[in-house]
Amino acid sequence: MRSRNSLGRVNARAQLKLVDDLRAIRQDSGRTIDEVAAALRVESDVIVAFEQGESNFTMSTLRRYAKAVGLSSPCRPGFTASKKLNRPRCILPRPRVRPIFR
């Protein structure tokens, strides 16, 4: 069984990858930080802090961010951007959580 520290590191890496992927999708879509901030009705500093990994969004805010950058929402975990359709679907990673009790 993994230790809590190990699981924490895995979750932190997954969260940073999610933030990096969301930033890349925003940039690929041509949307600016100001446009996304306006769609979320927050200051642009909030988006900058999130994209730099300095703050955490709630799930509802993540969904709004995803919608603002052109991702469909809600989506099933594990899907990535679809090159065939030329539009991103979902970039949420599959959780790597093992049950504590068996």
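The values are calculated or read from the model by the stated rules, or taken from the named source; none is laboratory data. Keep in mind it's a predicted model, so treat the numbers as computed, not measured. With ideal geometry, Cβ positions are generated from the backbone for all residues, glycine too; neighbour counts draw on all protein chains shown.
Could you tell me whether ILE91 is in contact with a helix residue (DSSP H, G or I) (Cβ under 7 Å, 6 or more places away or on another chain), surrounded by 14 or more Cβ atoms within 10 Å (Cβ to Cβ) and at pLDDT 85 or above? Give the steps one after another, and end with the answer.
Details: in contact with a helix residue (DSSP H, G or I) (Cβ under 7 Å, 6 or more places away or on another chain): yes; surrounded by 14 or more Cβ atoms within 10 Å (Cβ to Cβ): yes; at pLDDT 85 or above: no.
For ILE91, the condition - in contact with a helix residue (DSSP H, G or I) (Cβ under 7 Å, 6 or more places away or on another chain), surrounded by 14 or more Cβ atoms within 10 Å (Cβ to Cβ) and at pLDDT 85 or above - is not met.
So is ASP20 of a type outside the set (Phe, Trp, Tyr), more than 19 Å from SER60 (Cβ to Cβ), part of a helix (DSSP H, G or I) and touching a Ser or Thr at 6+ places or on another chain (Cβ under 7 Å) or not?
Numbers: of a type outside the set (Phe, Trp, Tyr): yes; more than 19 Å from SER60 (Cβ to Cβ): yes; part of a helix (DSSP H, G or I): yes; touching a Ser or Thr at 6+ places or on another chain (Cβ under 7 Å): no.
In short, no.
Across the range 17-51, what is the number of residues that are among the hydroxyl-bearing types (Ser, Thr, Tyr) and either at pLDDT 90 or above or surrounded by fewer than 13 Cβ atoms within 10 Å (Cβ to Cβ) (or both)? Give the derivation first.
Quick first cut of the range 17-51, residues among the hydroxyl-bearing types (Ser, Thr, Tyr) only: 29, 32, 44.
Filter once more, so that each one left must be either at pLDDT 90 or above or surrounded by fewer than 13 Cβ atoms within 10 Å (Cβ to Cβ) (or both): 32, 44.
Selection size over the range 17-51: 2.
Going residue by residue through the range 75-82, is there one that turns out to be in a loop (DSSP other than H, G, I, E, B), in contact with a strand residue (DSSP E or B) (Cβ under 8 Å, 6 or more places away or on another chain) and at pLDDT below 50?
Yes, the range 75-82 contains at least one residue that is in a loop (DSSP other than H, G, I, E, B), in contact with a strand residue (DSSP E or B) (Cβ under 8 Å, 6 or more places away or on another chain) and at pLDDT below 50.
Pick out the one residue from ASN11, ASN56 that is assigned to a helix (DSSP H, G or I) and at pLDDT below 85.
Just a single option satisfies the conditions, and that option is ASN11.
What are the residues in the range 23-44 that are in a helix (DSSP H, G or I), of a type outside the set (A, V, I, L, M) and under 16 Å from the mean Cα position of the chain (by Cα), if any?
Scanning the range 23-44 gives ARG23, ARG26, GLN27, ASP28, SER29.
Can you report the number of residues in the range 20-39 which are under 11 Å from ALA66 (Cα atoms) and in contact with a Gly (Cβ under 8 Å, 6 or more places away or on another chain)?
So the count comes out to 1.
Which pairs do you get when a residue that is closer than 18 Å to SER55 by Cα and free of Cβ contacts under 8 Å to residues at least 60 places away in the same chain, found in the range 25-43, comes within reach of a residue that is among the aliphatic types (A, V, I, L, M) and surrounded by fewer than 16 Cβ atoms within 10 Å (Cβ to Cβ), reach meaning Cβ atoms under 8 angstrom, with the pair 6+ apart or on two chains?
Taking only residues 6 or more apart or on different chains, the pairs are ILE33/VAL48.
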